[in-house]
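Notes for the one structure printed next.
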Amino acid sequence: MFKNRLAYKLLVVFLVFALAVIAPLSLILYYDSVSMIQDIERVAFLLPEQKAIHDGFETQVIDTFVSLVFYIFILSFIASLFLSRRFLMPVRELYRGAKAIEEGVLDMRLDVKSDDELGAVTKAFNDMAAGLKEKTNALMRKDIYVNSMLDPLWVVDMDNIITDINPAFTRLLGYTIDEVIGASIFDFLDEENEKVMRTQLSKRDEGISSSYGISIISKNEGLIPVLISGAPVVENGEVVAKIGIIKDFRAEVALRDALKEEKDHSEAIMDSLVDVLVVINRDMRIIKANRAAIATAGEDITGRFCHEIFHKLPESCFIRGMDCPVKVVFETGRSYKTVHEHVEAGNVKVFHEITAFPVKSSGSEIINVVELIRDITEKKSFEDEIAQRNKELVTLNSISRMLSHSLRAEDIFNNVLEKVIDMLRMDGGGIYFLDEAGRELICRYQKGASEDFMRGVARVRVGEDIPGRVAVTGQSIVSPDILKDERVEKSILRHSGIRGLAAIPVKGKEKLMGVFYIFSFSPRIFTPEDERILDSVGEMAGMAFENIRLYEKMRELYEHQRKRRAAEQQNLLMFASLLSDTLDINTVLDSAVSAIKDTSKADFVWLLQADETGNLLLSSASQEAGAKGGMVYSRDTSSIERYSMEKRKPIVFSELVTESRFYLSEYLSGYNTACSIPVYVGNKTLGAFTLYFRGFTILPEEDIFFLQTAGNILAVSMERARLYEEVIIEKGMADAILQSIADGIMTVDTDGRVVSMNRAAKAMTGLPYALDEPVGRPCCDIFGYSPENTELRWALGECLEEAVLKRVSAREAELFTAGGRKLPIEINSAPVTDKEGKVAGVVYVLRDKSREKEMDTMKTEFVRAVSHEFRTPLSAIVGMAEMLMDGEVGRDRQREYLNTILLEGRRLSDMVSELLDVARIESGKEVFRESEIDFKAVLEDIREAFNPVILKKEMKFSTRLEEEIKGYKGDKDKIKQMLMNLVDNSLTYSDGGCAVEVNVGRHGDAVRIQVRDEGWGIPDEDMGHLGEKFYRGRHGLSTKGTGLGLSLCREIAKMHGGDLHIESAAGEGTTVTVEIPLRRKE
Amino acid sequence: MSKVIIIDDEPFILMMVEDKLKRAGIKVVTLRESVNAVDVIRKESPDLIILDWMMPEVSGIEVCRRLKADPDLAAIPIFMLTAKGQEEDEKQGLICGVERYITKPFSPKVLLDHVLETLGRQGSR
């Protein structure tokens, strides 16, 4: 049975009706029948039998009546029920529908049971339910967005009472929805933040959206820093509520603080670098500079042009044809190294080696260039000096040769003069000799001046004019411009066109022999170096040795520098690639655009971002719309996006074709409706995203509101990514630079604990604690590994004390490394300050000085050894020449004297040649003169050369060619030179009467040359030093030599692709074996 | 006539100095080896000794030390005629009691002047 209450009501009505109608009717009938029978009884006499029938009739009538009435009643009830069915069915359907809606089921449709009014009502109900379902779905979808948003959200009414929050709000701040709803927004803010909130909320009342940073009091965690994007909720053009999207900024704030601190720390370290470091942007402006840079260029360096600072030029240096490293890096994207001549304060010219490398954004675009500038003026001047000295060396060598081949003083001086003029690039010169009486200077030779003039100055009296004065005083006169020189105002040279002049006395050991002068026709500044050269021409041979040695050292130094530079370069490149590895915002934006397209049912969505000049670039698009990052609209193009960005509010055009004032991109044809939403944070407009529809679509207000919220979220994400990138780039840059610096860098906090240590510092010490995570360890413990480091620890401690007083300091100390090596180091220290400017620690820059020290010692040793070796033969030349010239030597002795001078001159010349040979072979410049070598002839030559010595010392000398060697090709002179050296060594370092043998034979595919002696042998302490140039062992104390012989032999062996081995035992003799392959590898 | 002993392992130095001093009327004894220098000096009792520093076996400075240690010979003035030109070498020589330190290359004339001066001073003493 149906449970329709309506049916019960109907039944009750029927029953009431039945009682009201049938009961009275039955009673009336009954009483009428009874009265009618009584009337009959009264009129007629009735038999008793009739009487009984009468009485029964009464009952019968009543029974019949009641049954009949009841029957009619039942019958009519059934009939009425049947008749009302058609009316009840639609009602029941409606009831079912109502019940379903009550239960929340909207997905049903009622049957239309009749075509009367009830049918129409049912149809209306169906439509209503469908409408309701659609509306509810739409609402639910938005609710899901809001609830599933990761970022918290709150909504307040016009009285600033919170009316809604989402689950993320509870997650972030801890309050449940019941605790929040109905509370005032200001209950969650402290006094300071309340003020900010009030200003922001009053903007909402005026319908303005904005983003701002604030801190909210959470339930359990105190104040939480957040970024809120607030917007008004507008209904019918009127603000009815305010909504705020809250972004948790704890991590960002913490990270930014941490990064800031790290950055400050790194900057302090960079500041303590000796090298200048600047960051330069595309406009060639310096945007960042370390302390060294500020020290060189002044406080106002940042913001100024780099060429203005370093070249004092109003325009870029590349305009002047220089290779501008900044330009090169921007163009090629690769790091670049060059040397520039820069102008420092006070117009001092310096040479700078510049290493420039790019700083890239996440989009691999070069945004800045970092320049690391190192002052190499000293190195450059060394190089120049080498060039000059090289020339000098060659000159000196030829002078030395001349000494050994000519004894005519004039020849010597003439040649010397010529060389000097050439060397110093003068225009001419001359030479005066003092006459016998010592009264007059006679010019014997001149170059560069006119004959007429020379006739005028051919003779000068001693004491007169410049040459005469030089002769008297024995002091040089050097004048950059004689026309302006008061000392020489009377000189006749002043009328000759001569400007620059140097007049130098030519001295024997004590006696003056003449004066030589050189001049130029233009003013010429004689550097101290020039003067030194001029002064030392007399003693030039000694100098020559030093020069070669210096050249050698410089070459080593240069090689060392080059390697170090290469390593630095490598590290810098690595760092550059690190930078591009930042947070990838592009993926985030792509998914955001496709999400917006899906939820809004738009046909096309894109996001355009404004660059710093205002051009709109494509950031992301739901389908092909040109290259990402490419320009869509230039800054002057009027577009929908720009319009919405300028208005800072959503713009909707439902008939695009009629909007002729906007330019549309080629990708936008076929769309009729557009809705553009600006994306901005605070006062900064980042761009806009636009939805395009093919149809003529009307966007509901709440959809636009939703898009606007999406825009706010997007803006925050984009801005956050940018902030991250900025800070990370800066930190990464500082970090990479530190690691790539060749000096050791170590930072220590005020408690003396290590905060950081770069690679070079770790490598330099090699101490176990330094290599195994030094951070956090007391600095003393690290160096305390070696007990000898006490002095160093003192020095570091003193630097720390200085740093606490905010002072920089420099110390020198010795570092004992793990390997037991002693390194002289230079310590430079500077305080590291925190954000508040309080000293947080100290940064040490440790520089290994061992190379410099070593070089210093070697140089001194060399000068000592060489000058000694040169002085002896020079004694013969100088002393004997003097005696000859003074006419003190008898005719019988003259020849012997000249012979000695010649011999000693050759010895000098040989020594210089030997030095030059070593230098030349080592530098790879020696020409290899290949010819077939006849070893038999070579051995004979050697025997012949040493015959006098062999006879004198009564040596048992033997040579043996073990096997005929045919077709071996090598440099004959060099092989011979090598053998001569080895044999000479054996003969020198053996007692008289000992055996010396030279064997030449084959050993596999090689020629083996052995020189064996039974001499003094090499003491153990000297074995390790063999082959070191200029090293002279214990026996060297009592013998003559340059310490170059073995080096030269080894170089010659190497030149032939072979090598040299020495076996020796003190007191027993030495065997030197040279093996050179028969066929040289090309 | 004054007598000067010169000890040097370079024959030409001996020749040169001998010639120069002889011309000035000085008697010269030359010695190429330093091994038995002290004995020779004792025998010859010269007025002045000219010594080379760098010699095989016994160095000039060692000879000088031995002489200065011998009370009979300590008073004889010694000239060091050497190629060792460093300042500290000279200092070392002077510490050992060398009268004059002359570096090579040298002017024979100047050497003679010094010799005459030293001998003259001695003679007047």
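The values are calculated or read from the model by the stated rules, or taken from the named source; none is laboratory data. All values derive from a computational prediction rather than experimental measurement. So basically every Cβ, Gly included, is an ideal-geometry build from the backbone, and we count neighbours across all protein chains shown.
Out of the residues in the range A:460-483 that are more than 60 Å from the chain's Cα centre (by Cα) and exposed (fewer than 15 other Cβ atoms within 10 Å of the Cβ), which is farthest from A:T527 (Cα to Cα)? Full working, then the answer.
Step one: list which residues in the range A:460-483 are more than 60 Å from the chain's Cα centre (by Cα), which gives A:460-474.
This time we only want the ones that are exposed (fewer than 15 other Cβ atoms within 10 Å of the Cβ), so: A:461, A:463, A:472-474.
Numbers: A:R461: 29, A:G463: 26, A:V472: 24, A:T473: 22, A:G474: 20 Å.
Here the residue is A:R461.
Take the range A:743-764 and flag every residue that is part of a loop (DSSP other than H, G, I, E, B), in contact (Cβ under 8 Å) with a residue 24 or more places away in the chain and in contact with a Gly (Cβ under 8 Å, 6 or more places away or on another chain).
A:T750, A:G752
On the given criteria, is B:K27 within 11 Å of another protein chain (Cβ to nearest Cβ) and surrounded by 14 or more Cβ atoms within 10 Å (Cβ to Cβ)? Outline the logic, then answer.
Working: within 11 Å of another protein chain (Cβ to nearest Cβ): no; surrounded by 14 or more Cβ atoms within 10 Å (Cβ to Cβ): yes.
So B:K27 does not fit the description; no.
Is it true that A:G841 is out of contact with any Ser or Thr (no Cβ under 8 Å at 6 or more places or on another chain) and not charged (D, E, K, R)? Lay out the reasoning, then the answer.
Working: out of contact with any Ser or Thr (no Cβ under 8 Å at 6 or more places or on another chain): no; not charged (D, E, K, R): yes.
Criteria not met by A:G841.
Could you figure out which of (1) within 13 Å of chain A (Cβ to nearest Cβ); (2) surrounded by fewer than 16 Cβ atoms within 10 Å (Cβ to Cβ) isn't true of B:R121?
Failing condition for B:R121: (1).
With the condition kept exactly as written, say whether any residue in the range A:896-913 is of a type outside the set (S, T, N, Q), more than 30 Å from B:M15 (Cβ to Cβ) and away from chain B (no Cβ under 14 Å).
Initially, the range A:896-913 is screened for residues of a type outside the set (S, T, N, Q), giving A:896-898, A:901-908, A:910-912.
Those left that are additionally more than 30 Å from B:M15 (Cβ to Cβ): none.
The answer is no; no qualifying residue exists.
Identify the single condition in (1) assigned by TED's automatic domain parsing to the domain that holds A:K966; (2) more than 20 Å from A:S986 (Cβ to Cβ) that A:I950 does not satisfy, given that it satisfies every other one.
Among (1) assigned by TED's automatic domain parsing to the domain that holds A:K966; (2) more than 20 Å from A:S986 (Cβ to Cβ), A:I950 violates only (2).
What is the one condition in (1) among the hydroxyl-bearing types (S, T, Y); (2) part of a helix (DSSP H, G or I); (3) modelled with pLDDT under 55 that A:S591 does not satisfy?
(3)
Quick check on the range B:31-42. Is at least one of its residues buried (at least 18 other Cβ atoms within 10 Å of the Cβ), within 14 Å of chain A (Cβ to nearest Cβ) and modelled with pLDDT of 90 or more?
Filtering the range B:31-42 for residues buried (at least 18 other Cβ atoms within 10 Å of the Cβ) gives B:31, B:34, B:37, B:41.
If we keep only those that are within 14 Å of chain A (Cβ to nearest Cβ) as well, we get B:34.
Cutting the leftovers down to modelled with pLDDT of 90 or more gives us none.
Within the range B:31-42 (the criterion being buried (at least 18 other Cβ atoms within 10 Å of the Cβ), within 14 Å of chain A (Cβ to nearest Cβ) and modelled with pLDDT of 90 or more), the answer is no, since none of the residues qualifies.
Which residue, of A:L961, A:L951, is more than 60 Å from the chain's Cα centre (by Cα) and closer than 27 Å to A:D917 by Cβ? Outline the logic, then answer.
On the way: A:L951 fails: closer than 27 Å to A:D917 by Cβ.
Checking each option against the conditions leaves just A:L961.
Can you name every residue in the range B:48-59 that is within 11 Å of another protein chain (Cβ to nearest Cβ) and either within 14 Å of B:V17 (Cβ to Cβ) or within 11 Å of the chain's Cα centre (by Cα) (or both)?
Taking the range B:48-59 first, the residues within 11 Å of another protein chain (Cβ to nearest Cβ) are B:52-59.
Of everything in the range B:48-59, those that are within 11 Å of another protein chain (Cβ to nearest Cβ) and either within 14 Å of B:V17 (Cβ to Cβ) or within 11 Å of the chain's Cα centre (by Cα) (or both) turn out to be B:D52, B:W53.
So, in the range B:87-110, exactly how many residues are of a type in the set (D, E) and more than 12 Å from chain A (Cβ to nearest Cβ)?
First pass over the range B:87-110, keeping only residues of a type in the set (D, E): B:87-90, B:99.
Those still in the list that are more than 12 Å from chain A (Cβ to nearest Cβ) too: B:90, B:99.
The total comes to 2.
So, in the range A:84-113, how many residues would count as being in a loop (DSSP other than H, G, I, E, B), surrounded by 13 or more Cβ atoms within 10 Å (Cβ to Cβ) and among the β-branched types (V, I, T)?
Selection size over the range A:84-113: 1.
With the checklist (1) touching a Leu at 6+ places or on another chain (Cβ under 8 Å); (2) among the hydrophobic types (A, V, I, L, M, F, W, C); (3) modelled with pLDDT of 80 or more in hand, flag the one item A:A120 doesn't pass.
(1)
Please list, ordered by first then second residue, the pairs with beta carbon atoms under 7 Å, 6 or more apart or interchain, first in the range A:965-985 and more than 11 Å from A:S931 (Cα to Cα), second charged (D, E, K, R) and in a helix (DSSP H, G or I).
So the pair list comes out as A:K976/A:D941.
Go through the range A:873-887 and give me each residue that's more than 8 Å from chain B (Cβ to nearest Cβ) and of a type outside the set (G, A, S). First the steps, then the outcome.
Initial filter on the range A:873-887 (more than 8 Å from chain B (Cβ to nearest Cβ)): A:873, A:881, A:884-885, A:887.
Residues satisfying the conditions are A:P873, A:L884, A:M885.
Hey, can you tell me all the residues within the range B:60-86 that are within 14 Å of another protein chain (Cβ to nearest Cβ) and touching a Pro at 6+ places or on another chain (Cβ under 7 Å)?
Of everything in the range B:60-86, nothing turns out to be within 14 Å of another protein chain (Cβ to nearest Cβ) and touching a Pro at 6+ places or on another chain (Cβ under 7 Å).
From the list B:M55, B:M80, which one is modelled with pLDDT under 90 and closer than 26 Å to A:L874 by Cα?
Working: B:M80 fails: modelled with pLDDT under 90.
Being modelled with pLDDT under 90 and closer than 26 Å to A:L874 by Cα holds for just one of B:M55, B:M80, which is B:M55.
Sort out which residues of the range B:76-89 are over 22 Å from B:L119 (Cβ atoms) and either touching a Leu at 6+ places or on another chain (Cβ under 6 Å) or in contact (Cβ under 8 Å) with a residue 12 or more places away in the chain (or both), and write them in order of number.
Residues of the range B:76-89 that are over 22 Å from B:L119 (Cβ atoms), as a first pass: B:83-89.
Within the range B:76-89, B:A83, B:K84, B:G85, B:D89 meet the criteria.
Where residues in the range A:454-467 are assigned to a helix (DSSP H, G or I) and touching a Phe, Trp or Tyr at 6+ places or on another chain (Cβ under 9 Å), which of them is farthest from A:H495 (Cα to Cα)? Outline the logic, then answer.
Of all residues in the range A:454-467, those assigned to a helix (DSSP H, G or I) come to A:454-456, A:465-467.
Applying the additional criterion that residues be touching a Phe, Trp or Tyr at 6+ places or on another chain (Cβ under 9 Å) yields A:466-467.
Details: A:I466: 13, A:P467: 16 Å.
Checked the range A:454-467; the qualifying residue farthest from A:H495 (Cα to Cα) is A:P467.
Identify all residues within the range A:138-155 that are among the aliphatic types (A, V, I, L, M) and exposed (fewer than 15 other Cβ atoms within 10 Å of the Cβ); write none if there are none. Full working, then the answer.
Taking the range A:138-155 and keeping what is among the aliphatic types (A, V, I, L, M), we get A:138-140, A:144, A:146, A:149-150, A:153, A:155.
Of everything in the range A:138-155, those that are among the aliphatic types (A, V, I, L, M) and exposed (fewer than 15 other Cβ atoms within 10 Å of the Cβ) turn out to be A:A138, A:L139, A:M140, A:I144, A:L150.
Are there any strands (runs of 3 or more DSSP E) wholly within the range A:197-298 with 3 or more residues that are touching a residue at least 60 places away in the same chain (Cβ under 8 Å), and if so which?
Values: elements: A:210-217, A:223-235, A:238-248, A:276-281, A:286-289.
Ranges flagged: A:210-217, A:223-235, A:238-248, A:276-281.
Assess whether A:A674 counts as being more than 42 Å from the chain's Cα centre (by Cα) and part of a strand (DSSP E or B). Before the answer, list the steps.
On the way: more than 42 Å from the chain's Cα centre (by Cα): yes; part of a strand (DSSP E or B): yes.
In short, yes.
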